[in-house]
Structures are given as C-alpha cells and as structure tokens.
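Chemist: Dumping the structure here so I can ask a few things about it.
The values are calculated or read from the model by the stated rules, or taken from the named source; none is laboratory data. This is a predicted model, so every value here is computed, not measured. FYI the Cβ positions are ideal-geometry reconstructions off the backbone, even for glycines, and counts take in every protein chain you see.
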Amino acid sequence: MFPILVFPDPRLRNIAKPVSDIDGPVIDTLDKMLATMYQAPGIGLAATQVNLPQRLVVIDLSETQDKPLFLINPEIIEQHGETKTDEGCLSVPGFYEPVYRAAELLVRTQNREGETIEFEADDLLAVCIQHEIDHLNGKLFVDHISQLKRSRIRSQLLKRAKKAEQKNAK
Ligand code: QAP
Ligand code: CO
C-alpha cells in the first residue's frame, strides 16, 4: 500500500509525466494503487496522490470493488454539457463540495495491455475521470470552489495534521 498525500501538501501540485513503457513496474504500480484505493476506500486515485508523478489513474465505481478501470496517459478529446456533483477526494479527507464538470466525455487512453482505446463516459464516471485527470495536472477539486471554502478546508486539515503529529510525538 502507498501512503496518500493530503491537501495542502505541495507535492499534490506536481505535473505528472506521460508513461512511455507499459511494462512490469507500471503494472505493479497500478495494482498497488488499486489496493490503496480499495483499502481507503475510494472510487478513484491518481498516481500524483501517492507521490508518483506519472500519468496513471485507477477508478472503480462498483460497490463490490471488482470492476477496476486502469487509465494510462488518459486524455479528454471531446466534452459536452454540464453537471454538478458533490465531490470528495482521498487527499481532502472529510470534505465534500459541489463542483461543475462536463457531463459527457470522449476519452482516449492506454489500457493495462498497452492498447490505445477510446470510450464515452457520462454520469459519475465522467466526473471521476475529470477529477483524476485534474490530479495529473496538479489540480484538486478544491480549486473549483470558492477561495473562502478552500482556505477553511486548508486550515482544518493543517490543524488535524498538527494534532496527529503531537499525538505521534507522545
Ligand atoms: C474522486 O474520490 C471523486 O473524504 C474520488 O473521508 C469523488 O474516492 C469523483 C474518500 C466524488 C467524483 C465524485 C473521501 C474517502 C474518497 C473522503 C474518492 C474520505 C474517505 C474519495
Ligand atoms: Co481526488
């Protein structure tokens, strides 16, 4: 399992680099990311969140944690409409805020087998893909909400981190 970075950790601002070879080490990273996400539990995790600046995403929207999607170098090539969803993030634990996103996407990505595929996404999957690609670009859902809400979330998470640190020092 990987430790997950928490906002406002500056490493969440790293821009991830394209993955050139989909080989054993990349598959191992994807599997470890999936285990980290399932354990949390969450529905989406980008490599940036575990301090790996590579363009890798895992998503599983199923309740049974048995329908994983692996996205390598994902790109949105078309987007349509608008939708508003309450979003959360494993890197912003305990906070949920509404975010506007495109409602429908055409996505191009490589899969675990290294094939380039295209597919359409809507509903929660479309929202999740936009949220995860944001991570690869150093962006967080809190960048889409008001500055006031973002700064409140930042102070609360810093306060929580300091309390945890004090506890660990005892
Ligand atoms: C991104 O988020 C997402 O605050 C994935 O205490 C979320 O898996 C896309 C989580 C919503 C679209 C809609 C959050 C777990 C998990 C928390 C997640 C928490 C524990 C978030
Ligand atoms: Co997130």
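Chemist: Being touching a Pro at 6+ places or on another chain (Cβ under 9 Å) and closer than 21 Å to N137 by Cβ narrows it down to one residue among I15, I77; which is it?
Modeler: On inspection, the qualifying residue turns out to be I15.
Chemist: Consider region 122-147. How many of its residues are among the aliphatic types (A, V, I, L, M), free of Cβ contacts under 8 Å to residues at least 60 places away in the same chain, within 14 Å of ligand 2 (Cβ to nearest atom) and assigned to a helix (DSSP H, G or I)?
Modeler: Final tally of qualifying residues: 1.
Chemist: Any idea which of (1) in contact with a Leu (Cβ under 7 Å, 6 or more places away or on another chain); (2) under 26 Å from I22 (Cα atoms) is the one K139 doesn't satisfy?
Modeler: (1)
Chemist: Which of the residues spanning region 57-72 are in contact (Cβ under 8 Å) with a residue 60 or more places away in the chain and in contact with a Gly (Cβ under 8 Å, 6 or more places away or on another chain)?
Modeler: V57, I59
Chemist: Still on this structure: When you scan region 41-114 for strands (runs of 3 or more DSSP E) that lie fully inside it, which ones turn up with 3 or more residues that are surrounded by fewer than 21 Cβ atoms within 10 Å (Cβ to Cβ) and more than 9 Å from ligand 1 (Cβ to nearest atom)?
Modeler: Per the criteria, 69-80, 97-101, 104-110.
Chemist: Condition check: hydroxyl-bearing (S, T, Y) and farther than 20 Å from P41 by Cβ. Does S91 satisfy that?
Modeler: No; evaluated as a whole, the condition is false for this residue.
Chemist: Checking the conditions here, which among V107, V99 is within 15 Å of ligand 2 (Cβ to nearest atom), touching a helix residue (DSSP H, G or I) at 6+ places or on another chain (Cβ under 9 Å) and among the hydrophobic types (A, V, I, L, M, F, W, C)?
Modeler: Criteria check complete, one pass: V99.
Chemist: Okay, next question. Every residue in region 32-52 that is away from ligand 2 (no atom under 16 Å from the Cβ) and either over 15 Å from the mean Cα position of the chain (by Cα) or under 18 Å from E63 (Cβ atoms) (or both), please.
Modeler: A35
Chemist: Report, ordered by the first and then the second residue, all pairs with beta carbons closer than 7 Å, sequence separation of six or more or different chains, a first member in region 35-56 that is at pLDDT 95 or above, and a second member that is within 11 Å of ligand 2 (Cβ to nearest atom) and among the acidic types (D, E).
Modeler: Within 7 Å, the pairs are G44/E132; A46/E132.
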